[in-house]
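The values are calculated or read from the model by the stated rules, or taken from the named source; none is laboratory data. Note that the structure is predicted; figures quoted are calculated from it, not measured. Note: ideal-geometry Cβ built from the backbone for every residue, glycine included; neighbour counts use all protein chains shown. These area figures cover heavy atoms from the full protein model, side chains too; ligands, DNA and RNA do not enter into them. Shrake-Rupley method; radii C 1.70, N 1.55, O 1.52, S 1.80 Å.
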Amino acid sequence: MSSDNSKQAPALSKIARELAPSGIRKFFDIAAKMHDVISLGVGEPDFVTPWGIREAGIYSIEKGQTTYTSNYGLLELRQEISRHLEEKYGARYSPENEILVTVGVSEGMDLVMRAILDPGDQVLVPEPCYVSYRPCVALAGGEPIGVATRSEDNFRVSAAQLEQKLTPKTKAIILGFPSNPTGATMPRQALQEIVDFATKHNLFIVSDEIYDRLTYEGEHTCVASLKNAMSRTITLNGFSKSYAMTGWRIGYACAPPEVLTAMMKIHSYTALCAPINAQKAALEALKNAESAVEDMIAQYNQRRRLIVDGLNSIGLKCHLPAGAFYAFPSIRATGLSSEEFAERLLYEERVAVVPGTAFGEGGEGHIRCSYATSIEKIEIALSRIAQFVEKISPDVIKAAQLNNKDYSESKSIAR
């Protein structure tokens, strides 16, 4: 008797079958089905896009602007991006052939990896890092090589650490500072040393600077502005975080002309162009939203101190992140793994966080807590986390409360 194979679908590609699901999405999906959950899991601003930006998007629809744009994006937007980067950081990019408007930074990362990698090329990836870096390298046929950073070093990476993982196959380095998930930033001199290392070994530098404006300690350094960096650096940035525009899906890539041309060719066959209404809104953001951005930054800064002091008062040791909107406390004192801690906290106290292991090497023993949510919700979440820690490891919280008085001060300031 012959078998009927007519209902069997062809096999998926090997790379798709082996691609691990996002560790962020797993907990987000569980939390979405539960009642009364305080989510510190998703890296999305709780602010609505400022009105002037929304109005620009609405107005473009009212005017019937519903067409494609140039594959590169609107020239007026690229000119404004060029002006912004030069005024802010001294990085000079030509709007004609060195700037590409993308569908968010995520598309930009995918494009650059497909533009620069051949099968087997290796990319150095300091970790913990954003969850898409490794998959984007792998999807382009490359091999991501993790470079673990440590809390003792404030999760910064050095040229010496990168050198230890260098091989003849190394093609590029991905830098993501301020960091998601650790909130780490990099000193200018340390970045220059990495640029010098990349120059010596003829490597590309892919610098994801989506959190550049959310820098609370010191000033952000745009990698491309450093000595000898421009010719080998691809800068990725966008509007999701600083302008509360996650759903608009609008970002940009800046690169030397030959790299950008290659990225644009791939972009023209896959995304074609970013939505014109989002481009119009982004143009308004760069021109007229500075006061709204500064107000959001001030509020994130207040929340940053509140959540870090709160976590330390519970006994979950946490360094003060210098950028982004994440705290990355250690949960080692509780004796639980990152995954166990996050899962039990969600089911037993209804607080969603992301286990540090979702972000690669060096993430075990930590959880990521986003403070892009209201003061009130952060305080409730901290209270629930304290209940959880007291239940599973009472000695941890008792010892911390004896040594930490900062949380009550931060609460009074936040109020």
Checklist entry - Here are some pairs, K33/K377; K63/K241; K14/K265; K33/K241; K227/K265; which of them have Cα atoms lying more than 24 Å apart in this structure? => result K63/K241; K14/K265; K33/K241; K227/K265
Next on the checklist: List the aspartates and glutamates whose Cα sits under 17 Å from the Cα of K200, skipping any in the same chain fewer than 8 residues away.
Outcome noted: E163
Checklist entry - Which is farthest toward the positive dipole end of the chain among A399, V223, Y300, measuring Cα position about the Cα centre, with Cβ charges +1 (Lys, Arg) and -1 (Asp, Glu)? => result A399
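For segment 176-306, with every protein chain kept in place, what is the accessible area per residue (1.4 Å probe, Å²)?
Values: 4530 Å² over 131 residues.
Roughly 35 Å² per residue, with all protein chains present.
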Next on the checklist: Beyond 23 Å, how much of the Cα-Cα pair distribution for segment 15-167 remains, as a whole percent?
Outcome noted: 61 percent
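If you roll a 1.4 Å probe over the heavy atoms of the protein chains, what accessible area per residue do you get for segment 9-56, in Å²?
Numbers: 3220 Å² over 48 residues.
About 67 Å² of surface per residue is accessible.
Could you tally the net charge around D196, taking each other residue with its Cβ under 12 Å from the Cβ of D196, Lys/Arg +1 and Asp/Glu -1? It would help to have the intermediate numbers written out before the result.
Working: positive: K200, K227, R232; negative: E163, E193.
Surrounding charge for D196 is +1.
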Next on the checklist: So if I place +1 on the C-beta of Lys and Arg and -1 on the C-beta of Asp and Glu, and nothing else carries charge, what would the dipole magnitude of segment 10-127 be about its Cα centre? I want it in debye, nearest 20.
Outcome noted: 280 debye
Checklist outcome for this item: With a 1.4 angstrom probe the carbon and sulfur portion of accessible area for the chain, in percent, totals 50 percent
Checklist entry - Kirkwood Rh over Cα pairs of segment 139-178 into Stokes-Einstein at 10 °C, 1.306 mPa s: D in µm²/s? => result 137 µm²/s
Item to check | Partner lysines for K398 [C-alpha distance under 16 Å; skip if fewer than 8 residues away on the same chain] | outcome: K317
Next on the checklist: Using each residue's phi in segment 161-177, evaluate 6.51 cos²θ - 1.76 cosθ + 1.60 at θ = phi - 60° and report the 3J(HN,Hα) Karplus result to the nearest Hz, with x for Gly and Pro.
Outcome noted: 5, 5, 4, 5, 9, 6, 9, x, 8, 5, 10, 7, 10, 9, 10, x, 10
Checklist outcome for this item: Per-residue ellipticity at 222 nm attributable to helices in the chain (runs of n ≥ 4 DSSP H, -39500 (n - 2.57) apiece, nearest 500 deg cm²/dmol) works out to -13500 deg cm²/dmol
Checklist entry - Any idea of M34's accessible area? Nearest 10 Å², probe 1.4 Å. => result 50 Å²
Checklist outcome for this item: Semi-axes a, b, c in Å (a largest) for the chain, each sqrt of 5 times a Cα gyration tensor eigenvalue, come to 34, 26, 24
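Mean shadow of segment 308-387, computed from the convex hull of its alpha carbons, in nm²? All intermediate terms of the calculation are to be shown ahead of the outcome.
On the way: hull surface 19.6 nm².
That works out to 4.9 nm².
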